[in-house]
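Please read the structure below before turning to the comments.
The values are calculated or read from the model by the stated rules, or taken from the named source; none is laboratory data. Being a predicted model, the structure only gives us computed values, none of them experimental. Neighbour counts are summed over all protein chains in view; Cβ atoms, including those assigned to glycine, are modelled from backbone coordinates with ideal geometry. The area values use the complete protein model at the heavy-atom level, side chains included, leaving out ligands, DNA and RNA. Shrake-Rupley method; radii C 1.70, N 1.55, O 1.52, S 1.80 Å.
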Amino acid sequence: RVNFIKSPYDDDFTAASCPAATDVCRRKSYLEPGDLVLTGRTRGAFTCVIYQSPLAKKQVWARGWLPSSALTPVAPMPSPKVADWIGTWYHPGGEINIVRGDAGKLHVAGEMTVPTARDFHNGQFEAQVTPQNDTIAFVDDGSVPFDKTDEDGCRVRMQRIGPWLMVEDNDSCGGAGVSFIGLYRRKK
């Protein structure tokens, strides 16, 4: 087990000495070997991470710091085959469907619903794309290359990592608070 470490902003901004390897900075929440996290910036010997249980029914993320020494990078699949992408991938609140498209491309469509106090916000995308090496990346419908535009719009990037589909977006694929970011599991 590796416990999460507090940030300087925890405990009503009174944890100024954190992150640090001290008892006062250690949270009760923890991760176990094999749990996959998305990493962010580092601060000294610690890395900022977010984690969501693959079995979660709700969109609940654990955020915090972990000792960098407890993290082992997981490499993307070097050259996923078309069959490695195809399927229905799910994540709390939404799913992404990838099927064979026209002219050797893949048809990628995603839907996400985020509940709010009195309503919900939703988002979606749909594109025809050609995977490039280990990545699917597109803007809006896929007609504009991901790396050839500075325009806004729904920007999505996907990679296969182990049994997972890792998805990143720019928070512009739906309503307020809607994001497709996360690790998706393929439905059987």
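Assess whether Pro8 counts as being over 21 Å from the mean Cα position of the chain (by Cα) and either surrounded by 18 or more Cβ atoms within 10 Å (Cβ to Cβ) or modelled with pLDDT of 90 or more (or both). So that I can check it myself, show each step before the final result.
Values: over 21 Å from the mean Cα position of the chain (by Cα): yes; either surrounded by 18 or more Cβ atoms within 10 Å (Cβ to Cβ) or modelled with pLDDT of 90 or more (or both): no.
Against the criterion (over 21 Å from the mean Cα position of the chain (by Cα) and either surrounded by 18 or more Cβ atoms within 10 Å (Cβ to Cβ) or modelled with pLDDT of 90 or more (or both)), Pro8 does not qualify.
For every residue, the table says whether it meets (1) under 24 Å from His121 (Cα atoms); (2) touching a helix residue (DSSP H, G or I) at 6+ places or on another chain (Cβ under 9 Å).
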| site | (1), (2) |
| --- | --- |
| Gly34 | no, no |
| Pro54 | yes, no |
| Pro67 | no, no |
| Met77 | no, yes |
| Trp85 | no, no |
Handout entry: Failed condition for Ile96, given (1) exposed (fewer than 15 other Cβ atoms within 10 Å of the Cβ); (2) in contact with a strand residue (DSSP E or B) (Cβ under 6 Å, 6 or more places away or on another chain); (3) among the hydrophobic types (A, V, I, L, M, F, W, C)
Key = (1)
Problem - Condition met for Leu38 (over 27 Å from Ser172 (Cα atoms) and surrounded by 14 or more Cβ atoms within 10 Å (Cβ to Cβ)) - result: no
Fill in the blank from the handout: A careful count of residues in the stretch 159-182 that are open to solvent by 40 Å² or more (accessible area, probe 1.4 Å) and of a type in the set (Asp, Glu) gives 2
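If we only count strands (runs of 3 or more DSSP E) wholly inside the stretch 86-160, which ones have 2 or more residues that are farther than 16 Å from Ser179 by Cα, touching a residue at least 40 places away in the same chain (Cβ under 8 Å) and of a type outside the set (D, E, K, R)?
Details: elements: 87-91, 94-100, 106-115, 120-129, 135-139.
Counting at least 2 such residues, we get 87-91, 135-139.
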